[in-house]
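Engineer: For reference, the structure I am asking about is given below.
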Amino acid sequence: MDTLLLSRIQFAANISFHILFPTITIALGWVLLFFKLRFNRTADRKWMELYLFWVKVFALSFALGVVSGITMSFQFGTNWPGFMEVVGNVAGPLLAYEVLTAFFLEAVFLGIMLFGASRVPGWLHTLATFLVAFGTTMSAFWILVLNSWMHTPAGYELREGIVYAANWWAIIFNPSMPYRLAHMLLASGLTVAFLIAGLSAWRWLRHDRTPAVATGLRFGLTLGALLIPVQILAGDMHGLNTLEHQPAKVAAMEGNWETGSHVPLLLFALPDEAARENRFEIGIPSMASVILKHDPAGVVPGLNDFVAEDGTPQHPPVAAVFWSFRIMVGIGMLMLLVSWGGVWLIWRRGVEGLPRPALWGLAGMSFAGWGATLAGWYTTEIGRQPWLVHGVLTVKEAVGDVAAGMVLSTLLAYLVVYAALIAAYVGVLFHLAAKAGQPPAPHPTPSLQPAE
């Protein structure tokens, strides 16, 4: 493996680890605000108990997200110097806006949010929770502006191979930004919905039958049931936008080699890039044309349209994009089935009537949102290959001149650290859930005798 491939794997490992935690904090901030507002309105202690438990999860996720984000940003200079050399006039300000308008806002008010519930007026604590939630969303906004611009660059001009900003409005609101932002925010909401439902189900299985647990379980399932249809609609709109601006990516997602109409939706296939065909296809006739063109006779682009005259493919790796897309959709359909089925069971039987297999299934899906998010992210980012900034800068042009052995050694170190951190994070969350259901340990009465 050469420096280019190793650098790609290393950055993918870094961003895969990093994205897990903002995916939780973006939506969890707003959920915490909802819990706090419900407590303010009803004075029901269960809402504050939910707040106090999940704010710990928020704090832990926020800390890991910040640390992993800093590590990832270093790679712009070490592994990908060509990125900032060519597009730094756009990327630099956007990253600075994220720090100035979002990260500082989160950092300033996070302390009040975590430790001020009993130390500051209620309205100030609620305001701090709102500002932290708003900050996480603004952080996602600026990062997704940059990422979307890399997919659908607009509002720039090239001078001697260097990108200069010509229209910041066009840069920020580039063609794919609204769809990508909506898709990511909804993904965060679904991730948090299933995390809340899953950990609440696990607490219920451990005989923690407090009103806060029942409410959390009901809330998580309801939120998931409401968001998944909206996510399906947003995903369809995002796909149509991608078809317009990145047809090669859509061709890889569909595993479609020849441009034509009545293209089937492949449920299973083994793409063979060497033979430029699929093996063992199982599909629904004309359904890909229906989904992408809303017409069975709609023409869907094929991968063979994206080949240079010398035979070099100018499309992304097919198998990786094809399968990551199906994993994302498959997890989404499972979320739809589980959330709607869970809400129906609660409506019929109440939380107390949920069968143990359903509770274990929910507990097992606590981190299902992570799987869907990573699969969708791989579809998006691998699907951009061979471009780093579509039509402007290739990945090969941006990679740094670093020895492959050095990249490999740091990659292995990252993987070991990340594996340990993920295991610790998941373990701590389940530990917090188990501890939350236990009565507080009695404090020893301090001695009134003077110390000798």
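Engineer: Filter the stretch 268-295 for residues that are of a type outside the set (Val, Ile, Thr), in contact (Cβ under 8 Å) with a residue 40 or more places away in the chain and buried (at least 16 other Cβ atoms within 10 Å of the Cβ); which is nearest to LEU243 (Cα to Cα)?
Structural biologist: Here the residue is LEU292.
Engineer: May I pose another question? For residues that are in a helix (DSSP H, G or I) and farther than 15 Å from THR215 by Cβ, tally how many sit in the stretch 1-58. Walk me through how you get there before you give the answer.
Structural biologist: The first filter runs over the stretch 1-58 and keeps only residues in a helix (DSSP H, G or I), leaving 3-42, 45-58.
Next, only the ones that are farther than 15 Å from THR215 by Cβ stay: 3-30, 33, 40, 55-58.
Final tally of qualifying residues: 34.
Engineer: If you check GLY161 against the conditions, is it surrounded by fewer than 18 Cβ atoms within 10 Å (Cβ to Cβ) and touching a residue at least 40 places away in the same chain (Cβ under 8 Å)?
Structural biologist: The answer is yes for GLY161.
Engineer: Is it the case that GLY235 is assigned to a helix (DSSP H, G or I) and either open to solvent by less than 10 Å² (accessible area, probe 1.4 Å) or free of Cβ contacts under 8 Å to residues at least 60 places away in the same chain (or both)?
Structural biologist: Spelling it out, it is not the case that GLY235 is assigned to a helix (DSSP H, G or I) and either open to solvent by less than 10 Å² (accessible area, probe 1.4 Å) or free of Cβ contacts under 8 Å to residues at least 60 places away in the same chain (or both).
Engineer: Take the residues in the stretch 17-61 that are small (Gly, Ala, Ser) and open to solvent by 20 Å² or more (accessible area, probe 1.4 Å), then tell me which one is modelled with the lowest pLDDT.
Structural biologist: By that ranking, first place goes to ALA43.
Engineer: What about PRO264, is it over 30 Å from ARG209 (Cβ atoms), without any contact (Cβ under 8 Å) to a residue 40 or more places away in the chain and not aromatic (Phe, Trp, Tyr)? Give the steps one after another, and end with the answer.
Structural biologist: On the way: over 30 Å from ARG209 (Cβ atoms): yes; without any contact (Cβ under 8 Å) to a residue 40 or more places away in the chain: yes; not aromatic (Phe, Trp, Tyr): yes.
In short, yes.
Engineer: Conditions first: (1) over 25 Å from LEU388 (Cα atoms); (2) in contact (Cβ under 8 Å) with a residue 60 or more places away in the chain; (3) not aromatic (Phe, Trp, Tyr). VAL230 passes all but one, so which condition is the exception?
Structural biologist: With (1) over 25 Å from LEU388 (Cα atoms); (2) in contact (Cβ under 8 Å) with a residue 60 or more places away in the chain; (3) not aromatic (Phe, Trp, Tyr) applied to VAL230, the lone miss is (2).
Engineer: Could you run through the stretch 59-101 and say how many residues are acidic (Asp, Glu) and outside any helix (DSSP H, G or I)?
Structural biologist: Of the residues in the stretch 59-101, 0 are acidic (Asp, Glu) and outside any helix (DSSP H, G or I).
Engineer: For residues that are aliphatic (A, V, I, L, M), under 19 Å from TRP30 (Cα atoms) and out of contact with any Phe, Trp or Tyr (no Cβ under 7 Å at 6 or more places or on another chain), scanning just the stretch 177-194, find the one that is surrounded by the most Cβ atoms within 10 Å (Cβ to Cβ).
Structural biologist: If we take residues in the stretch 177-194 being aliphatic (A, V, I, L, M), under 19 Å from TRP30 (Cα atoms) and out of contact with any Phe, Trp or Tyr (no Cβ under 7 Å at 6 or more places or on another chain), then VAL192 is surrounded by the most Cβ atoms within 10 Å (Cβ to Cβ).
Engineer: Looking only at helices (runs of 4 or more DSSP H) that fall completely inside the stretch 327-433, which ones have 1 or more residues that are modelled with pLDDT of 90 or more and open to solvent by less than 60 Å² (accessible area, probe 1.4 Å)?
Structural biologist: On the way: elements: 356-364, 368-382, 395-398.
The qualifying helices (runs of 4 or more DSSP H) are 356-364, 368-382.
Engineer: Being surrounded by fewer than 24 Cβ atoms within 10 Å (Cβ to Cβ), under 30 Å from VAL351 (Cβ atoms) and of a type outside the set (Ser, Thr, Tyr) narrows it down to one of LEU217, LEU205, LEU221, LEU243, so name that one.
Structural biologist: LEU205
Engineer: Filter the stretch 102-151 down to residues that are free of Cβ contacts under 8 Å to residues at least 12 places away in the same chain and not in a helix (DSSP H, G or I) and give me whichever is most open to solvent (accessible area, probe 1.4 Å).
Structural biologist: The residue in question is ARG119.
The values are calculated or read from the model by the stated rules, or taken from the named source; none is laboratory data. Small disclaimer: the values here were computed from a predicted structure and weren't measured. Methodologically, a virtual Cβ is constructed for each residue, glycine included, from the backbone with ideal geometry; neighbour enumeration extends over all protein chains shown. SASA here: full protein model, heavy atoms, side chains in, ligands and nucleic acids out. Shrake-Rupley method; radii C 1.70, N 1.55, O 1.52, S 1.80 Å.
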